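For reference, the structure discussed in these notes is given below.
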Amino acid sequence: MHDGLRGRAAFGSAWRVGLAGFAGVLLQNATFAVVEALRFGLAAAARDGGPVAGLWGFSTVLFGFNQVFLAIALLGFSVAGAQAGLFADWHAWLGYVSAALLFVSASAAPYHVDGTNRVAPVGLAGWLGWITWIVAGGVTLLAL
């Protein structure tokens, strides 16, 4: 076992919180599947000359909302990892901050249907934090 594990009670609590993160992953996968299905349909309609402008906007907004589910997953797994003692404090805080940045960016998703997004750097910072969080989590789990 990892030296940082805090005991059965903390691990049981972390497991329940981790389910929220897992729910976020499931919702993210479902949303991404819908986005990709829309894009395949839009590509087929564009090839045949059908009107698809509204559906492209819908696809763009739905993809933006996908960040909400990533934020839920990141938050749930960060809390669970911190409660179980698997993550260092900086790692958990990186997850919290990245989730907040992703949520802020996703909340503006309906406003950038036309392709302009003034809060894109906020989303980029959240995504970069998420990537760093994933790498750090992988290293931590490999060290167990």
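Highest mean first, the peptides 136-142, 69-75 sorted by other C-beta atoms within 10 Å per residue fall in the order 69-75, 136-142. For a paramagnetic label modelled on Val25 (point 7 Å from Cα along Cα→Cβ), amide N atoms under 14 Å away belong, within the range 55-91, to 70-81.
Here, each number is a calculation from the coordinates, and none is a lab measurement. Computed from a predicted model, the values in this text were never measured in an experiment. Glycine gets a Cβ as well: all are built from the backbone with ideal geometry, and neighbour counts include every protein chain shown.
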